[in-house]
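Shown next, in structure tokens, is the structure this report addresses.
The values are calculated or read from the model by the stated rules, or taken from the named source; none is laboratory data. Treat the numbers as computed from the prediction; the structure is a model and nothing was measured. Don't worry about glycine lacking a Cβ; one is built from the backbone with ideal geometry, like all the others, and counts go over all protein chains shown. Just the protein is used for accessible areas: all its heavy atoms, side chains included, with ligands, DNA and RNA removed. Shrake-Rupley method; radii C 1.70, N 1.55, O 1.52, S 1.80 Å.
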Amino acid sequence: RGKRAFIAGVADDQGFGWAIAKALAAAGAEILVGTWVPALNIFESSLRRGKFDESRQLSNGGLFEIAKVYPLDAVFDTPEDVPEDIKNNKRYAGSSGWTVQECAESVKADFGCIDILVHSLANGPEVTKPLMETTRKGYLAAISASTYSYVSLLKYFAPIMNPGGSSLSLTYLASEQIIPGYGGGMSSAKAALESDTRVLAFEVGRKYGIRVNTISAGPLRSRAAKAIGFIDDMINYSTANAPLQKELEAGDVGYTAAFLSSPLASAVTGSLIYVDNGVHAMGLAV
Ligand code: NAD
């Protein structure tokens, strides 16, 4: 049997989640995705109308297929956690079963089990504010959507993952070096995500035999990154200063994710892998 992957955080064909899903599909995996509820309608209708057909082309001539799209809001673990205003919000009312627990239950009911879990989502409502100007609410929201969401996904999906399975997330260098502009507590959220990668590798490694890694990705002009506001500067900085002076492609991260998700990486867990043309290693820009 081929492997089955669930990728949380795909809502268009521009981000890392799409590229990872596509690379896993090219390697023979069956693909399920979790799409943020407010983005679900537009994503599904764009898929249906063929808007992504060009980026669905695989190098073997085939077309990348998504077996099922699940609505997901990873800031809510169970139905009891959903406040009234969200329940009654018209962008949410049209879908159901989108808390993390319910999403895992739906995947189990439809497919039984998965082998690969990918967390490719983040949200920091105050990301454009420096840390000193970030409110407690904004900071906690960044941690909730960008970090605890991963703990929650693993908590509910690990029990339906086959032993030998693999899980990974996406992080960013701002966790360990000062990147002015990556604010709102997002740098803190990524630092926590990287620390959690180690602790979770231990906990789910021992209990379920699953590996846990994170990819520290270089800058990509995704929808989320454009919302931060300085993505073009980051890309230009990297192209000018990284050991490899080329622009990062989403596929670069996709292929590393496919490697990490495969038996080729069967002894790799608790690791942070840089896929950033080496920019993390520079001390003095020249
Ligand atoms: P993206 O916009 O393609 O992906 C982010 C996704 O998260 C979106 O699909 C969004 O709908 C989803 N999302 C937000 N809140 C959610 C929630 N509560 N529940 C479910 N889904 C939710 O952008 P991306 O840049 O590809 O981001 C993917 C990951 O890569 C993120 O963790 C991001 O921090 C990380 N990353 C990005 C860059 C970059 O330069 N783009 C660099 C390093 C790391």
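For the range 56-86, name all the residues that are assigned to a loop (DSSP other than H, G, I, E, B), more than 15 Å from the ligand (Cβ to nearest atom) and open to solvent by 50 Å² or more (accessible area, probe 1.4 Å).
Initial filter on the range 56-86 (assigned to a loop (DSSP other than H, G, I, E, B)): 56, 58-62, 64-67, 73-78, 82-83.
Now drop any that are not more than 15 Å from the ligand (Cβ to nearest atom), which leaves 56, 58-62, 64-65, 67.
Ser59, Asn60, Gly61, Glu65, Ala67 - these are the residues of the range 56-86 that are assigned to a loop (DSSP other than H, G, I, E, B), more than 15 Å from the ligand (Cβ to nearest atom) and open to solvent by 50 Å² or more (accessible area, probe 1.4 Å).
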Here the residues within the range 87-110 that are in a helix (DSSP H, G or I) and surrounded by 16 or more Cβ atoms within 10 Å (Cβ to Cβ) are Tyr92, Val100, Gln101, Glu102, Cys103, Ala104, Ser106, Val107
Filter the range 130-142 down to residues that are away from the ligand (no atom under 12 Å from the Cβ) and buried (at least 18 other Cβ atoms within 10 Å of the Cβ), then give me how many there are.
-> 3
Checking Leu47, Leu24 in turn, the sole residue that is part of a helix (DSSP H, G or I), within 14 Å of the ligand (Cβ to nearest atom), surrounded by 14 or more Cβ atoms within 10 Å (Cβ to Cβ) and touching a residue at least 12 places away in the same chain (Cβ under 8 Å) turns out to be Leu47
May I ask you to list the residues in the range 227-247 that are farther than 17 Å from Gln177 by Cβ and not in a helix (DSSP H, G or I)?
-> Gly229, Leu244, Gln245, Lys246, Glu247
Do we have any residue at all in the range 243-258 that's β-branched (Val, Ile, Thr), away from the ligand (no atom under 14 Å from the Cβ) and open to solvent by less than 40 Å² (accessible area, probe 1.4 Å)?
-> no
Only one of (1) loosely packed, with under 15 Cβ neighbours inside 10 Å; (2) at pLDDT 95 or above does not apply to Ala217, and that is (1)
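Pick out the one residue from Ala224, Ala189 that is part of a helix (DSSP H, G or I), near the ligand (Cβ under 10 Å from one of its atoms), at negative phi and open to solvent by 30 Å² or more (accessible area, probe 1.4 Å).
Just one listed residue meets the conditions, Ala224.
Given the criterion surrounded by fewer than 17 Cβ atoms within 10 Å (Cβ to Cβ), at pLDDT 95 or above and more than 19 Å from Ile7 (Cβ to Cβ), identify the matching residue among Asn236, Asn277. Please lay out each step first, then the result.
Numbers: Asn277 fails: surrounded by fewer than 17 Cβ atoms within 10 Å (Cβ to Cβ).
That would be Asn236, the only listed residue that is surrounded by fewer than 17 Cβ atoms within 10 Å (Cβ to Cβ), at pLDDT 95 or above and more than 19 Å from Ile7 (Cβ to Cβ).
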All but one of (1) within 19 Å of Ser169 (Cβ to Cβ); (2) more than 9 Å from the ligand (Cβ to nearest atom); (3) in contact with a strand residue (DSSP E or B) (Cβ under 8 Å, 6 or more places away or on another chain) hold for Glu30, so report the exception by its number.
-> (1)
For the subset of the range 167-186 comprising residues that are closer than 17 Å to Tyr139 by Cβ and under 15 Å from the mean Cα position of the chain (by Cα), which member is farthest from the ligand (Cβ to nearest atom)?
-> Met186
Given the conditions (1) modelled with pLDDT of 95 or more; (2) in contact with a helix residue (DSSP H, G or I) (Cβ under 9 Å, 6 or more places away or on another chain), every one holds for Gly62 apart from (1)
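Return yes or no: is Ser261 within 21 Å of Val199 (Cα to Cα), in contact with a His (Cβ under 9 Å, 6 or more places away or on another chain) and surrounded by 18 or more Cβ atoms within 10 Å (Cβ to Cβ)? Lay out the reasoning, then the answer.
Numbers: within 21 Å of Val199 (Cα to Cα): yes; in contact with a His (Cβ under 9 Å, 6 or more places away or on another chain): no; surrounded by 18 or more Cβ atoms within 10 Å (Cβ to Cβ): yes.
In short, no.
I'd like the full set of residues that are charged (D, E, K, R) and open to solvent by 40 Å² or more (accessible area, probe 1.4 Å), limited to the range 192-203.
So the first thing to find is which residues in the range 192-203 are charged (D, E, K, R), and the list is 194, 196, 198, 203.
Those that are charged (D, E, K, R) and open to solvent by 40 Å² or more (accessible area, probe 1.4 Å): Asp196, Arg198, Glu203.
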